[in-house]
Amino acid sequence: MTSAFLIASRDYLLDEYLPKIRLVTTPLTDDDIWWRPVEGSNSIGNLILHIEGNARQWILGGVAGRENHRDRDGEFAARDGHSKAQLLTSLTASFRELGSAIMAVAPARLDEPRVIQGADTTVFGAIYHVVEHVSMHTGQIIQLAKWRAPGTVRLYEASSTSFTPLWKPDSTVAASADATGIADLSEG
């Protein structure tokens, strides 16, 4: 039996974060992908390289035990060299590979200890780290894309009663408030 945690982890990577990254980078040029707001910050290109490098190191190397060669410094030093299309193609292929590796984990192995990037963790901790890490950097990519293409980057089509996530347009979410005034967002 596959753990709900493993399914959710795969789904967040493949069905939430990757489509969001692909959607928000759609209006951007290759120059936009490599733009840095200030010296010492990261571009979208750097963040994509970093997400891919980190996820491959932690999941494919640390969890699946595959050989992994990562150039972490190079992820942040890059200023160009990859087109937007190349970055997204590579990230998509890696995320598919990560999804398969996650689904290959037997739930009984989630507590197995690992040392990854000098950190003591477990298989569960490594997968959780990658999902959290990709989430954080996806948010940064969204913000950078909004700065580079003001008014063109949108994640939702919204009305007063529902919203549709544009990265998965077959899903409409209805919003209603309970007696506390807190919105209950349920799949509709």
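Just so you know, all these numbers are worked out from the coordinates, no wet-lab data involved. Keep in mind the model is a prediction, meaning the values are calculated, not measured.
Listed values, structure above:
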| read-out | value |
| --- | --- |
| Expected 222 nm ellipticity per residue - DSSP helices of 4 or more, -39500 (n - 2.57), all of the chain, to 500 | -14000 deg cm²/dmol |
| Convex hull (Cα only) mean projected area of the chain, reported in nm² to one decimal | 13.1 |
| Extension gain (nm, one decimal) between TRP35 and GLN143, 0.36 nm per residue minus Cα-Cα | 37.6 nm |
| Segment 28-35 - phi-based ³J(HN,Hα) in whole Hz, Karplus 6.51/-1.76/1.60, Gly and Pro as x | 8, 8, 4, 4, 4, 4, 9, 6 |
| Potential extension, SER162-ARG22 segment - 0.36 nm per residue separation minus Cα distance | 48.1 nm |
| Span-like helix ranges in the chain, DSSP H, alpha carbon extent 18 angstrom or more, Kyte mean at least 0.0 | 84-103, 123-148 |
